[in-house]
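Here's the structure, in structure tokens; my notes come after.
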Ligand SMILES: CC(C)(COP(=O)(O)OP(=O)(O)OC[C@H]1O[C@@H](n2cnc3c(N)ncnc32)[C@H](O)[C@@H]1OP(=O)(O)O)[C@@H](O)C(=O)NCCC(=O)NCCS
């Protein structure tokens, strides 16, 4: 068995930003237009009028201040309320593969590696652009990687579950290195017309290069262990799928987009995640106090504060549990990886950190890492 490391991470950030102010102005205009169209039904008590969204609620309830999106104009158009993507011919790289290639190239470059050093690609995300061929195979081809590629989806835990699959491939000698990419085009499955959740998501792509420790860069992060857990719940769900056509469904049907029971998710997932992390550290002979930093899934600020408090018995500092969701919003599986990507350069050799994701399924995945290299 080989020892395994995270050699580097990479990121693709869309160039378009939607602030909470812009988002709320667009939603409120949409609500106004809807209320005008349905004025008679509302007056007759047959329909409930839509109530306005507001920036203060969003920031207080979630901690989110803005989000990046691949296409902003369609989302903010009150007559549309979804991004506008132009279909591409099959001869052109698909959008999801394009952003994954950009993040993967960033990760390779940061590790000083090339496609020739990699034997596999795992595309792990909350939604795939198409059924087949697998997105990972297109990404593998665009990068010029020989070997294999496959897709996997465990919603917001896709990246950590993908890391475990990559770690196992490298540990057993099936691959020298595997790239895990997490292209999250959440704007295409978010219900922008629903005030309860229209502020939640943003688009991004992250990439993680998982490699044999003996050939990884000197300052890589050795993977000390991974732990995955799932427990079925309907509280975060999206029913869109290949059966929708045969069911004569309208693609705009509410349950064919992201739906959640936010309060229940909050109540149920926080204790599960804290317990999972404590158990994982315990199994490695570690305690939360041995961990310099927790790179947590980025869904909601209060959720992360509660999980850290349960784990540490006190509030975590911003240094111990960094927040990126104010800038990125919830980016599904990419959130904990962005947190790691942005906040690991100051680690000293020997220091330990923990990545943990949680979300639909329910699914929880954690990865414990230790910085390599010689102390200064
Ligand atoms: C989603 C979440 C931020 C909502 O916060 P919340 O405090 O639970 O809010 P609620 O949905 O209970 O709504 C509280 C009130 O705010 C109102 N409200 C909801 N959205 C609003 C908006 N955009 N603007 C203004 N008011 C809003 C509701 O109507 C409700 O009003 P009421 O008390 O008069 O009925 C929160 O439940 C959460 O963080 N859940 C964790 C799950 C998560 O983030 N999952 C992401 C996928 S992993």
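Tabulated data
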read-out: Criterion violated by residue 197 - all others in (1) farther than 21 Å from residue 106 by Cα; (2) away from the ligand (no atom under 13 Å from the Cβ) satisfied; value: (2)
read-out: In segment 329-343, the residues that are more than 19 Å from residue 166 (Cα to Cα), away from the ligand (no atom under 12 Å from the Cβ) and surrounded by 24 or more Cβ atoms within 10 Å (Cβ to Cβ); value: 339
read-out: Any chance residue 373 is outside any helix (DSSP H, G or I), in contact (Cβ under 8 Å) with a residue 60 or more places away in the chain, surrounded by fewer than 20 Cβ atoms within 10 Å (Cβ to Cβ) and out of contact with any helix residue (DSSP H, G or I) (no Cβ under 6 Å at 6 or more places or on another chain); value: yes
read-out: Residue that is within 27 Å of residue 199 (Cα to Cα) and either at pLDDT 95 or above or within 16 Å of the ligand (Cβ to nearest atom) (or both), where the choices are 277, 272, 354; value: 272
read-out: Which listed residue is within 16 Å of the ligand (Cβ to nearest atom) and out of contact with any helix residue (DSSP H, G or I) (no Cβ under 7 Å at 6 or more places or on another chain), from 346, 326; value: 326
read-out: Residues located in segment 234-270, provided they are over 19 Å from the mean Cα position of the chain (by Cα), farther than 23 Å from residue 188 by Cβ and surrounded by 15 or more Cβ atoms within 10 Å (Cβ to Cβ); value: 268
read-out: Where a residue in segment 253-267 is closer than 11 Å to residue 234 by Cβ and its partner, wherever it lies, is within 13 Å of the ligand (Cβ to nearest atom) and in a loop (DSSP other than H, G, I, E, B), with Cβ under 7 Å and at least six apart; value: 259/238; 260/197; 260/235; 261/235; 264/235; 265/235
read-out: Qualifying helices (runs of 4 or more DSSP H) (wholly inside segment 18-126; at least 3 residues being more than 16 Å from the ligand (Cβ to nearest atom)); value: 20-37, 39-43, 95-111
read-out: Top-ranked residue in segment 127-178 [being under 16 Å from the mean Cα position of the chain (by Cα) and assigned to a strand (DSSP E or B); ranked as surrounded by the fewest Cβ atoms within 10 Å (Cβ to Cβ)]; value: 152
read-out: Filter result for residue 288 (surrounded by fewer than 21 Cβ atoms within 10 Å (Cβ to Cβ), farther than 28 Å from residue 70 by Cβ and free of Cβ contacts under 8 Å to residues at least 40 places away in the same chain); value: yes
read-out: Any chance residue 69 is surrounded by 21 or more Cβ atoms within 10 Å (Cβ to Cβ), farther than 25 Å from residue 323 by Cα, modelled with pLDDT of 95 or more and in contact with a helix residue (DSSP H, G or I) (Cβ under 6 Å, 6 or more places away or on another chain); value: no
read-out: Single residue of 147, 225 found to be more than 16 Å from the ligand (Cβ to nearest atom), at pLDDT 95 or above and closer than 16 Å to residue 369 by Cα; value: 225
read-out: Those residues of segment 222-233 which are surrounded by 15 or more Cβ atoms within 10 Å (Cβ to Cβ) and in a loop (DSSP other than H, G, I, E, B), in sequence order; value: 233
read-out: From 237, 254, 263, residue being within 16 Å of the ligand (Cβ to nearest atom) and touching a strand residue (DSSP E or B) at 6+ places or on another chain (Cβ under 7 Å); value: 237
read-out: When residues of segment 33-51 are limited to those that are surrounded by fewer than 16 Cβ atoms within 10 Å (Cβ to Cβ) and in contact (Cβ under 8 Å) with a residue 40 or more places away in the chain, the one farthest from the chain's Cα centre (by Cα); value: 33
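The values are calculated or read from the model by the stated rules, or taken from the named source; none is laboratory data. The structure presented is a predicted model; accordingly, all values stated were derived computationally and were not measured. Neighbour counts run over all protein chains shown; Cβ positions are idealised from the backbone, glycine included.
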